[in-house]
Each structure stands twice: as structure tokens, then as C-alpha cells.
1. Could you list, in sequence order, all residues of segment 856-878 that are part of a loop (DSSP other than H, G, I, E, B) and under 20 Å from Met711 (Cβ atoms)?
2. Thr464 - would you say it is outside the structural domain of Lys222 (by TED's automatic domain parsing), more than 18 Å from Ser502 (Cα to Cα), surrounded by 21 or more Cβ atoms within 10 Å (Cβ to Cβ) and at pLDDT 85 or above?
3. Report yes if some residue within segment 292-314 is touching a His at 6+ places or on another chain (Cβ under 8 Å), away from ligand 3 (no atom under 16 Å from the Cβ) and not in a helix (DSSP H, G or I); otherwise report no.
4. Return the residues of segment 702-720 that are touching a strand residue (DSSP E or B) at 6+ places or on another chain (Cβ under 8 Å) and part of a loop (DSSP other than H, G, I, E, B); say none if nothing qualifies.
5. If I ask for residues that are within 13 Å of Thr778 (Cα to Cα), part of a helix (DSSP H, G or I), in contact with a helix residue (DSSP H, G or I) (Cβ under 6 Å, 6 or more places away or on another chain) and modelled with pLDDT of 95 or more, which ones from segment 812-855 would you list?
6. Can you go through Asn264, Asn247 and tell me which one is modelled with pLDDT under 95, buried (at least 22 other Cβ atoms within 10 Å of the Cβ) and not assigned by TED's automatic domain parsing to the domain that holds Val99?
7. Mind counting the residues in segment 194-228 that are more than 26 Å from Glu445 (Cβ to Cβ) and of a type in the set (Phe, Trp, Tyr)?
8. Pairs, please: C-beta under 8 Å, at least 6 apart or cross-chain, first residue outside the structural domain of Cys851 (by TED's automatic domain parsing) and in segment 768-786, second surrounded by fewer than 23 Cβ atoms within 10 Å (Cβ to Cβ)?
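The values are calculated or read from the model by the stated rules, or taken from the named source; none is laboratory data. Computed from a predicted model, the values in this text were never measured in an experiment. Reconstructed Cβ throughout: ideal geometry from the backbone, glycine too, with neighbour counts over all protein chains shown.
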Amino acid sequence: TQYVYRFGGGISEGNQEKTLLGGKGANLDGMASIGLPVPPGFTISTPMCARYYEEGEAFPAELNPQVADGIAHIEGITGKKFGDPADPLLVSVRSGARVSMPGMMDTVLNLGLNDVTVQGLSATSGDARFAWDSYRRFIQMYADVVLGLDHGAFEEALEIAKEDKGVTLDTELTAANLEALVVEYLRLVEELWGKPFPQDVHAQLWGAVGAVFGSWQSERAKVYRRINSIPHDWGTAVNVQAMVFGNMGETSATGVAFTRDPANGERAYYGEYLINAQGEDVVAGIRTPQYLTTAARERAKAKPLSMQESMPEVYAELARVFDLLELHYRDMQDIEFTVERGKLWMLQTRSGKRTARAALKIAVDMASEGLITQEEAVMRVEPASLDQLLHPTLDPKAARDVLVKGLPASPGAATGAAVFDSDTAERRAALGESVILVRTETSPEDIHGMHAAKGILTARGGMTSHAAVVARGMGRPCVSGAGSLSIDAKAKTAKVGARVISEGDIITLDGSSGEVMVGAVATVQPELSGDFGTLMVWADGARRMKVRANAETPADAKVAREFGAEGVGLCRTEHMFFEASRITAVREMILAEDEAGRRVALAKLLPEQRADFLGIFEVMAGLPVTIRLLDPPLHEFLPTAEADFEDVAKAAGVAVEVLKRRTVELHEFNPMLGHRGCRLGVTYPEIYEMQARAIFEAACDLEVSPIPEVMVPLVATRRELELMKEVIDRTAEAVFAERGKRIEYLVGTMIELPRAALMAGQIAEVGQFFSFGTNDLTQTTLGVSRDDASRFLTTYVEKGIYATDPFVSLDVEGVGELIALAAERGRTARPDIKLGICGEHGGDPASIAFCESVGLDYVSASPYRVPIARLAAAQAAL
Ligand code: ADP
Ligand code: MG
Ligand code: MG
């Protein structure tokens with residue numbers, strides 16, 4: 001089997017195959033194929049990762065000659081030999097999964113150096129300082145990544161060396177200083193590892209390749225995969241590539257860049273670079289990087305020269321490469337480059353992570369530029385990410401007590417309690433608290449804390465630092481590089497001058513301006529920008545399914561309309577009963593001894609309920625509104641605390657004993673499967689009769705009425721629905737007669753029990769529509785109570801029993817099968833039956849794709865998820 005694919009020097013063997021080469025390898029191959037300057041190398045394909053684990057973390061013999069060929073390929077092009085004392089070839093060994101997992105996995109640079117080859121490198125480069133700097137970097141990385149030694153010890157040794165010489169920057173250390181540091185590093189390795197540092201370059205190579213495969217199973221990589229739903233069996237590829245050096249003095253540099261602004265999507269090159277630096281230096285925030293473009297430097301009022309100013313020719317070449325890359329990949333690219341003595345080398349490209357706002361703008365712009373089609377633009381925006389745009393931003397008119405200003409690294413506003421480490425962030429967030437993670441700089445180990453936090457603040461690092469990149473990808477607001485902030489993670493404080501923020505203090509970040517405020521700041525609803533509207537129009541043109549909202553107040557209904565809802569898919573009525581003004585009448589009804597007593601209480605509720613509907617109907621004039629009749633068990637309306645019994649009994653006009661007795665009578669062992677849903681309507685038809693009356697009276701009272709769709713919950717049999725439909729139809733006729741006016745309406749049911757799904761053919765003979773109540777249908781099909789699932793569901797997902805939480809994303813295989821079957825049987829019995837979904841899943845893009853595949857007529861989601869559902873429905877249809 002071929003496991004090794006070569007690239008560079010006019011060769012690109014892997015056909016840009018991502019599944020085989022991983023993202024990084026595929027794009028190195030791609031850049032080589034269009035003639036860009038890529039240091040030559042080879043990729044060990046992802047299937048080898050699985051093979052490596054199958055072999056008990058060892059390599060099969062057949063890999064050896066293939067790797068040897070790969071090395072020979074690099075040697076041939078560079079004219080250097082791996083391990084050659086006179087003119088050694090150095091390589092990097094880089095990870096690269098199918099999708100990018102920034103900073104999650106390991107890389108080793110400068111591999112091939114040892115006590116002998118370092119002399120050769122020094123001689124051929126004519127730069128002893130550079131040679132020793134490369135060697136000490138290599139030992140440090142190899143010790144950390146491959147040998148698993150504590151990197152703190154090495155950093156400390158470097159700090160001590162700098163202190164001894166009285167310098168602050170790594171670049172100020174001389175060749176002799178660095179040579180001495182190497183001696184110290186080698187001693188440290190021997191002390192911590194118990195063996196001398198490997199001098200054999202082939203042993204170094206295999207060690208590094210094994211470490212990269214090993215990093216696939218590191219804790220942080222696993223966490224990242226879980227958060228981002230990346231399958232654990234994909235594995236990573238390994239890229240071995242000739243080193244190029246950005247640390248060869250003042251004409252050398254390294255940098256990262258985006259072809260467009262990843263924060264707001266503007267069509268402007270965006271990036272940072274550092275002169276005389278290597279690899280990770282820019283991202284790690286050790287030195288403050290300089291701007292790529294002069295425009296950005298001037299906007300930031302920064303002094304250090306931009307790359308455009310300091311290296312105009314290389315910059316021009318880079319700009320040409322950017323344009324070629326956008327043409328080739330037809331998307332905004334995130335790039336790593338290195339300049340070695342004035343020559344540009346491309347080290348990486350990938351589709352850049354971006355904020356939702358940038359994603360929208362870039363998609364719409366690229367379609368307008370003719371680079372992609374409108375359909376592609378619709379496909380380019382992650383529906384779930386729109387969430388970021390729909391939430392409040394800071395009120396520009398609100399007072400701000402500005403503590404410090406940093407870089408606007410990821411837009412949006414966030415308010416929360418300051419915390420100084422990721423574990424605390426995760427712990428406090430799990431208790432429902434909003435937290436802001438405050439760090440000097442973040443590293444891949446902070447991924448769980450960043451995920452848990454509402455926002456991220458760092459004292460160091462630029463616009464392309466780890467914190468900034470990850471925050472933009474996660475949609476978290478971020479302010480980075482707030483340099484005047486001095487953070488003491490141990491003491492859990494952050495100081496700016498005399499002001500001190502301690503753990504738990506509330507702070508607010510404005511990720512769009514870089515300002516950090518003490519306390520909370522008022523927020524406003526965002527204006528939905530022109531690009532948003534444009535993309536939505538394109539999406540609406542592409543989708544087949546309608547999108548409705550779940551709404552039970554006029555305010556919700558209004559928001560839903562503004563977000564483009566085409567009706568209400570679920571109006572729950574029980575919440576209306578909980579309101580203080582009516583709970584007493586509800587209780588009177590429950591406590592009544594007979595039907596006559598219940599009717600007296602229901603008569604009091606009728607005008608209230610009618611008013612509820614009137615408000616929603618007005619907003620939804622002319623549109624369908626699905627109203628679900630009373631669903632929860634009655635005891636939910638009774639008090640639970642003994643202390644309240646007396647007051648409640650008095651208000652309802654009964655003796656305390658009666659209340660106590662009824663509470664005991666209504667007690668259920670398993671209320672979810674108890675006396676609820678249409679079972680209430682079957683036993684007390686007068687309840688549904690009152691609700692039906694309220695619906696029809698409200699609809700008749702309006703000049704333009706909506707189309708009420710009266711929904712009977714928890715039906716399992718045809719007969720149940722038949723009985724309830726009789727009550728509803730009879731009430732409708734009575735109201736129409738009284739008002740001298742008829743309106744159009746439907747009667748249907750929720751499909752939320754497996755029996756109902758199976759008997760859908762019979763039920764459809766009576767019901768005019770089905771709405772799949774996937775919350776209950778998931779509970780009843782899986783036999784899992786949603787409220788009790790948290791104790792084991794995470795473990796179930798971790799062990800791969802369910803791919804994702806089935807209450808968040810529909811269990812397409814099981815619950816989906818019931819839906820498909822019910823839809824088909826329902827349609828056979830009643831060809832014009834209306835089919836929709838109203839569970840939480842109605843706002844989940846993956847579930848929406850499923851709804852499209854079984855031909856539902858509409859999905860219904862909470863108001864804020866309506867735009868998400870519109871876009872997801874369009875993507876599903878394309
Ligand atoms: P990550 O996925 O964490 O970015 P990379 O494999 O891209 O890891 O490498 C880390 C850093 O090392 C990057 O800045 C990259 O540009 C740099 N680097 C990788 N390979 C080489 C090379 N052959 N020559 C010079 N720099 C390199
Ligand atoms: Mg990289
Ligand atoms: Mg239900």
C-alpha cells in the first residue's frame with residue numbers, strides 16, 4: 001500500500017486528497033501543484049495513523065522504504081543530505097488531520113540537528129548564532145513533544161540565560177550564549193529523561209512521526225474533537241518537509257496572514273509577521289508581531305514598520321500568492337509563510353476560520369465578485385453561527401467604565417465574572433454562571449475554558465494569536481494583547497495601574513473595539529446588516545420547506561415575524577395558565593369536585609385565554625398558527641411547598657384538607673407517562689372545549705384571522721383524536737353560529753408516541769395535520785427521560801453509543817425511522833396532510849436536513865433560531 005505521497009519540485013502526488021493527506025498535506029500538495037514556492041516534502045497518509053495504533057503504536061515494515069524515498073526526494077531537490085555533517089538537511093515533522101484542529105496536535109521543527117550537524121549548519125549558513133538558535137529550539141521542542149518532558153524547565157533555563165546576560169529578547173542572545181544554552185538543554189534532557197538526547201537523525205525522525213500520531217490521542221485533541229464533532233477514527237497525517245528559516249537575520253521573517261479580514265470580512269489583506277523569527281513565535285505571543293499592511297499599521301497607530309514597508313518586494317510577491325490562492329480555493333485563506341534571506345516560502349494554507357459576520361460578508365462579496373455562485377454562498381455560511389449575529393451587542397450610548405484597551409480580536413459583547421484559569425471557567429460555567437476567561441496568553445490546554453467562557457481576554461498576543469484564532473472559530477468575543485494588564489494567575493488578580501480585578505468581579509468585553517469595561521454594560525439588539533438580508537433572500541429562494549416559530553406570547557411572535565417566521569408551529573397553552581392572575585382559577589378548576597364546578601372555573605379562564613390568542617393572532621394575521629391544547633399533568637399547577645397550602649386553599653375557596661387530598665390524589669409515579677395530553681381532554685372534555693372556544697372567538701374577532709391549527713397532544717390512537725375533534729368541531733360550529741362568520745381551521749395531532757407513528761395511517765383519517773413532537777418522541781422511543789438523561793448521556797456520547805445528544809440533534813436512525821414511516825403512512829391515508837416538526841430539533845441544522853429528506857412541509861424553531869432554520873432549510877434543499 002502506498003502510504004507516502006511526495007510534493008514540491010514540480011511534483012504533487014496526492015491529488016489534494018484531504019481524506020488521505022489531511023488538510024495540511026492536501027493543501028501543501030495543492031500549492032505545489034499550482035507552482036507556488038513550497039519547501040519540498042512528503043505526507044504519510046491518515047490510514048497509517050489507524051495502522052500505527054493497530055500495530056500497538058509501532059510502524060509496519062513496509063513504511064520504512066517509502067519514508068526513505070520521501071527523504072531522498074527532499075534531498076534531491078535541496079541538494080542537502082539528511083544527517084550530513086557538512087551540509088545537513090533539516091526537516092519539520094507536522095501533524096495534519098482532515099479538518100484543521102489549530103494548535104491541537106504537535107509539530108517538531110529543525111529536526112536533523114545534533115552535536116555534529118549543528119557545526120555544518122553554522123558553516124554553510126555562515127551564521128553561528130542562527131545554527132545554535134535552531135539547535136536549542138529543536139531540543140526544546142523535541143523534549144516537549146516527543147520525549148514528553150516538562151517544558152517549564154527549558155523555558156526557565158532560557159530565562160536564566162537572558163537574565164545572566166541582561167537581555168530581554170531571545171534575539172539578543174549571542175552565538176556563544178546559545179551554545180552554552182544548548183549544553184544546558186542537553187544536560188536537562190539527560191537529567192529528566194535518564195538518557196542522552198538522540199543524536200541519530202533517523203531515530204529523531206521516527207520518534208517525531210510517532211509523537212505526531214500519538215498527539216491524535218492527546219486529551220486536548222480528544223476534547224477538541226468532541227466539541228467540534230470530529231470522528232475519532234479519522235486519524236492524522238504526518239507531513240515531513242524541508243525546513244526554511246525565518247530566523248536567519250534581518251532579511252528573514254515569518255508570518256501568518258488571511259486573504260480577507262477574518263473578523264469583519266473586509267476585502268483587505270490581514271496579517272502579522274516577525275523579523276528574524278521562526279514558526280510559532282508569531283502565534284505564541286512571545287514578541288509582539290508587526291502588521292503586514294501599512295494601512296493596518298496606521299489604523300492601529302503602531303510604529304514598527306509593516307512588511308509592506310520593510311520588505312516591499314517580498315510583500316508584493318505575497319500579495320500575488322494571496323490572489324492565486326483565492327482563485328484556486330475559491331475561499332478566504334489563512335496562510336503561514338516564511339521569508340528566508342529575502343525569498344518567500346509558503347508553509348500552509350487553509351480556508352480561514354472567521355466570525356459569522358465575516359462569513360456572511362465574504363460569501364456575499366465572493367458571489368458578487370463572481371468567484372462563487374449564489375448557491376455556493378448560501379452553502380458557505382454555517383447556519384448555527386448566525387446565532388452570533390442575532391444576539392445583543394453593547395449599547396453605544398451606554399456609559400462605559402473602561403479598564404483597559406486591547407486588540408479587537410473577535411467581535412461581539414460579553415459580560416461575566418472574571419476567572420483566571422480554564423478549570424475554574426469550566427466549573428463556574430457549569431453552574432450556570434457567565435464567566436470571562438482572563439489569561440496572560442492562552443494555549444491549546446485552555447480549550448475547555450475558552451469553550452465554557454462567554455468571552456476571552458488576554459494580556460499578550462496579537463490578532464492571530466491562539467486566543468484570537470480559537471475565539472473567532474468558536475464565536476466567542478475576544479480582546480487580546482491588552483498589554484497594560486498585568487495578570488497574576490496564582491493570586492487570581494488582574495491589575496491596570498491602581499485598579500485591581502479579582503476573581504468573580506464582573507467585567508465586560510467589547511470584542512469589536514477592544515475595550516474592556518468594569519461591570520456590566522447595557523446591550524441593544526443588533527441591526528441585521530445588508531449582507532444578512534441579501535444572503536437570507538438567496539436562502540429563501542433556495543428552500544422548499546416553510547419555517548415557523550414556537551411562540552406563546554405576542555412579543556415572541558413579533559420577534560419571530562421580524563426574523564422571517566411564516567407562522568407559528570407550536571403555541572403551548574399551559575404557560576399561559578401559570579400567570580399569577582389566572583393560576584387561582586386554574587386551581588379552582590382542578591380542585592372542583594364535579595364538571596359543574598369545573599365549568600364555573602373555566603368560564604373565568606375563557607376571557608383570559610381568548611386575550612392570549614388574540615395578541616398572537618394579530619401578529620400572525622393570515623398565517624397558520626398551531627395551538628397545542630393543554631398538555632401537562634394537572635398537579636403541576638398545585639403548590640408543592642406545605643407552607644403555601646393555606647394561602648392557596650383560601651384563594652381557591654376550599655378547605656386546606658381538600659387541597660391536601662387532591663394533591664395526594666393527583667400524585668403520579670411517572671407523570672411523563674401519566675394523566676396528561678389528550679388524556680386530560682378525554683377525561684375532562686370541558687377543558688379542551690374552553691380552549692377551543694377561546695381560539696375560535698379570538699380568530700372571529702379579528703378582521704384578518706390567522707389559520708388556527710388546533711393540535712391535540714399525546715395521541716396514541718385514532719379514537720382519542722376522533723373524540724377530541726368532535727369537541728373542537730362542535731365548539732367551532734357554535735362560535736361560528738354566534739358570530740355569524742366562519743373561518744378556516746384545521747384539527748390535527750402531535751406525533752410524539754411510537755404507537756401514534758405506527759398507527760399514523762389510521763390517525764390521519766381523522767387528523768388534518770401531524771406535527772412531530774420530537775422532544776417527547778425521542779423520550780418515548782429511546783425510553784430516556786430528558787430531565788434525567790444528563791447523568792449518563794455524556795458517557796453514552798463519549799462511548800459512541802449515540803453520535804450526539806439525541807435531544808439536541810435528532811436520532812435520525814431510530815426516531816427518524818418512525819418519522820419517515822409516519823409521514824409515509826399519513827400521506828397515504830390523506831394525500832394533502834400537512835407535516836411539520838415542532839421539537840427543539842426544528843432549529844437544529846442536521847435535524848432540518850433530515851426533515852427535508854422525508855419531505856416535511858415546515859420546521860418550527862424558537863424565534864431566535866428562525867434565521868438559522870431558514871438557512872439550514874435552504875442548504876438541505878440545495
Ligand atoms: P500548527 O498546525 O500548529 O500550525 P504547523 O505544522 O503548521 O503546526 O507548524 C508550526 C509552525 O512551524 C508554523 O508556524 C509553521 O509555519 C512552522 N513550520 C512548519 N514547518 C516548517 C518548515 N518546514 N520550515 C519553516 N517553518 C515551518
Ligand atoms: Mg500551522
Ligand atoms: Mg410533548
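1. Within segment 856-878, Leu856, Asp857, Ser862 meet the criteria.
2. Spelling it out, it is not the case that Thr464 is outside the structural domain of Lys222 (by TED's automatic domain parsing), more than 18 Å from Ser502 (Cα to Cα), surrounded by 21 or more Cβ atoms within 10 Å (Cβ to Cβ) and at pLDDT 85 or above.
3. No: zero hits.
4. Listed by number, the residues that qualify are Pro706, Pro713, Leu714, Val715.
5. Val815, Gly816, Leu818, Ser847
6. Within the list Asn264, Asn247, the selection yields Asn247.
7. 1
8. Filtered contacts from segment 768-786: no entries.
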